[in-house]
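Step one of this worksheet: look at the structure below.
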Amino acid sequence: MLWTRAVSPPPAAPAPSATTPDSRAVAAYLGLAIGDALGATVEFLTPREIQHQHGVHQDISGGGWLRLKAGQVTDDTTMSLALGEAILAAGRVDARAAADAFDAWMRGKPVDIGNTVRRNLITYRKTGNPEAPLSEHDAGNGAAMRVLPVALATFGQPPDVVAAACRAQGHVTHHNLLSDAACETLVAMVHDFLAGHGLDTARHHADTLVARHPVFAWQGKRRDNPSGYVVETLQAVFQALFATHGFEACLVDIVNRGGDADTTGAIAAMLAGACYGPEAIPARWRKALDAGVRETVELQALALMAH
């Protein structure tokens, strides 16, 4: 695997650190933003192209097809922040509040926006219905990439409440059974990490997802160059998360797979941050992340947990 050229994993996975749920929540949100910023540089490149251009990509340097400044983030982080603000303002995960927040976000001309997100937000403007039509074609990763605020706001709540919250935000743009299943699995994994559980518990959720939806089967052939299809996204994320032993190794592994690297990076680092805690995040990545983004995600993580 490409990351082994620069980062060698320890012989055994370290036990989760004795950090608080709040500190793990901050680490998850920082991880999401860092993974977004690191992965955006190599988004849409193949592993071979990454190797040719960067060797092993492991520094937040900006550039990429979006020509970002070093430390700048994309829609993965900015949509998450928009959703988090809507949750805090409404006092709950509310579909219309989320739709309005996403619409305002799109009107602000974000640096990047997915086709499914754009299409269904335009439909929302026309109809006023915050739930997009059920569609087998809307199985992209756009709802999963921004689900972290839901995970933080629903920590400790019953499973049916959590599932309804996932769907309330997800269906604004991605009304699809596979998208729903992915979002609910990611939230369950974050919840267990916040509670101090390790990778074995998270793997149980991944295995349960595969049992219910075999298309998500992730063990076997390495998923390189993952597309925006939520199945390929989670396959790559699970492979990186469960094959490595630490935040840095996980994130370097996933972004060097290329493809939709800002989103796979954001999701994998979200999980790894919640799992390993804030002390596992390299100082060079914290420093390289846009300072405003860093402060905003930290504050919003704590506010959502207090919610």
What is the spin-label model distance, in nm, from residue 306 to residue 283 if the labels are put 7 Å beyond Cα along the C-beta direction? 2.9 nm
FRET efficiency for residue 127 and residue 204, using Cβ-Cβ distance with R0 set to 41 Å, rounded to 0.05: 0.55
Where no second cysteine Cβ lies under 4.7 Å, the cysteines concerned in the chain: 250, 275
Taking 0.36 nm per residue of sequence separation and subtracting the Cα-Cα distance, how much length would be gained by fully extending the chain between residue 53 and residue 219, in nm to one decimal? 56.9 nm
Computed over segment 194-307: relative contact order in percent, which uses C-alpha pairs under 8 Å that are six or more apart: 22 percent
So which aspartates and glutamates can residue 221 reach, going by Cα to Cα under 14 Å and dropping same-chain residues fewer than 8 places off? 232
Using a Förster radius of 22 Å, what is the FRET efficiency between residue 137 and residue 69 based on their Cβ-Cβ separation? Nearest 0.05, please. 0.05
What are the DSSP H helices in the chain that stretch 24 Å or more along their long axis, judged by alpha-carbon atoms, and whose average Kyte-Doolittle hydropathy comes to at least -0.5? 21-40, 177-194
Under the 0.36 nm per residue contour assumption, what length would be gained going from the current alpha-carbon distance of residue 89 and residue 22 to full extension? 22.1 nm
Under 5 Å from the placed amide H of residue 140, counting only residues 5+ away or on other chains, we find 230
Taking amide hydrogens as modeled 1.01 Å from N in the peptide plane, which residues meet the under 5 Å criterion relative to residue 68, leaving out close sequence neighbours? 63
For the charge dipole of segment 116-235, defined by +1 on Lys and Arg C-beta atoms and -1 on Asp and Glu C-beta atoms about the Cα centroid, which residue among 143, 169, 116 has the Cα displaced farthest towards the positive pole? 116
Step through the residues of segment 136-147 one at a time and calculate ³J(HN,Hα) from phi using the Karplus curve (6.51 cos²θ - 1.76 cosθ + 1.60, θ = phi - 60°), rounding each to whole Hz and writing x for Gly and Pro. 6, 8, 9, 8, x, 9, x, 7, 5, 5, 10, 7
About the Cα centre, and with charges only on the beta carbon of Lys, Arg (+1) and Asp, Glu (-1), how big is the dipole of the chain? Nearest 20 debye, please. 440 debye
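We did not get these values from a lab; they are worked out from the coordinates using the rules stated. All values derive from a computational prediction rather than experimental measurement. Cβ: placed from backbone, ideal geometry, glycine included. Neighbour counts: every protein chain shown.
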